[in-house]
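Only one structure is covered here, and it is reproduced in the block below.
The values are calculated or read from the model by the stated rules, or taken from the named source; none is laboratory data. Just so you know, these numbers come straight off a predicted model, no measurement behind them. Cβ placement follows ideal geometry from the backbone for every residue including glycine, while neighbour counts extend to all protein chains displayed. Note: accessible area is taken over every heavy atom of the protein model, side chains too, but ligands, DNA and RNA are not part of it. Shrake-Rupley method; radii C 1.70, N 1.55, O 1.52, S 1.80 Å.
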Amino acid sequence: MKNFICETCGVQYESSIEAPKQCLICEEERQFVSFKGQVWTTLEKLIEMGTYSNIIKPQEEGLHSIKTNPSFGIGQTAYLVQDKNYILLWDCITFIDQSTISHINKLGGIDAIALSHPHYYSSQVEWAETFDAPIYIHEDDKEWVTRTSEKIIFWSGESLELKEGLILQRIGGHYKGGTVLEWKNGSSQNGILLSGDIVRVAADRKWVSFMYSYPNFIPLPSVTVERIADRVNDFTFNRLYDAFNLIIREDADLVVQRSAKRYIEALNGTLFNT
C-alpha cells in the first residue's frame, strides 16, 4: 500500500495498492493534466532519488520560507509564521525529509498548519503527523481533500482567529473556500498578508491579480474581484507575500485596491481603447 503523489500538482492520495486512475485536482479546469500524461510517484521515491531538498530561508523577523529545490509539482513556497510561542505552517509543499524535520524542530516545530486552497494540500497529512499538528481547511473546499486524516479541522464562516492577531480569512475567488492569512503582528505590527495565489503578485511587485485558473488563463468575474477587494480592505497589512515568494514590501493594502480597480475596468472594457 502506497500514498501516491501526482507529479503535476504534487498532491498526495489515500493509501492504495495501485496508483489512482486520475488526479482529482488536475482533471479539474483550474489545473491541468500534463501533456505527457498522468504520472505518479511517492514520497519515499522522491527521498530515495536524492535529487530534492528543501531550502528554509529567513525572510524577516518571525517568518521563514520553505521551498523545494529543484522545483516539484506546482513549485509553491510554504511559510513558517512564528508569533510569540505559536508557529504556523502556512500552505504546504510535497517534499519532506529528515533534514527538513530537523531544521524545523530547531526553529521550534509546528503548532498548526493552515491552507489557502486545494492546489497546495500536497502531502499535508505527512507534515501534520510528523509534527503532531492540526490542519485547518475551510469547509467549502472539503470535497477536494484527497487524503483524509483526523488531523484535519474543517472550519466555517468568513474568519477564524487561530491566535490573537493571526487570522484565517476566507475571501473565495480562486476556490470557494479560498483563504488568506492576516498576520497583524507581522512587519513590526504593520501587518502581513500571506495570500497563496488567491491574490497573486505581479512580476514588477507593483500590482496583484486574481484568477479562477492561472495555468488555463481563466479570469474571475468583476463582481467577485470587487467582493474580494471589499473584504481585504478591512484587513491590517502593509506587506504581502504570495505563494511564489513574490513580495510587496510597502503599501500592499493600497496595491491590492488599485489592482482590483484595474482588473474590474479591464473586464468591463473601460481600461483599453480596443
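Restricting 170, 205, 227 to those that are within 19 Å of the chain's Cα centre (by Cα), farther than 24 Å from residue 92 by Cβ and surrounded by 15 or more Cβ atoms within 10 Å (Cβ to Cβ) reduces the list to 205. Would it be correct to say that residue 67 is open to solvent by 40 Å² or more (accessible area, probe 1.4 Å) and in a helix (DSSP H, G or I)? So residue 67 fails the test.
Looking across region 31-56 at every residue that is in contact with a Pro (Cβ under 8 Å, 6 or more places away or on another chain) and part of a loop (DSSP other than H, G, I, E, B), the one that is most open to solvent (accessible area, probe 1.4 Å) is identified as 32. When the test is whether a residue is assigned to a strand (DSSP E or B) and either over 24 Å from residue 198 (Cα atoms) or open to solvent by 30 Å² or more (accessible area, probe 1.4 Å) (or both), residue 22 does not pass it.
Checked against (1) closer than 22 Å to residue 75 by Cβ; (2) in contact (Cβ under 8 Å) with a residue 24 or more places away in the chain, residue 233 meets all criteria but (1).
Scanning region 215-230 for residues that are without any contact (Cβ under 8 Å) to a residue 40 or more places away in the chain and more than 13 Å from residue 180 (Cα to Cα) yields 217, 223, 226, 230.
Scanning region 61-103 for residues that are under 18 Å from the mean Cα position of the chain (by Cα), hydrophobic (A, V, I, L, M, F, W, C) and more than 26 Å from residue 161 (Cα to Cα) gives 72, 74, 95, 96.
Taking every residue in region 128-152 that is within 25 Å of residue 22 (Cβ to Cβ) and pairing it with any residue that is assigned to a helix (DSSP H, G or I) and modelled with pLDDT of 95 or more, at least 6 positions away or on another chain, the pairs with Cβ-Cβ distances below 6 Å are 135/124; 135/128; 141/118; 144/118; 147/125; 149/125.
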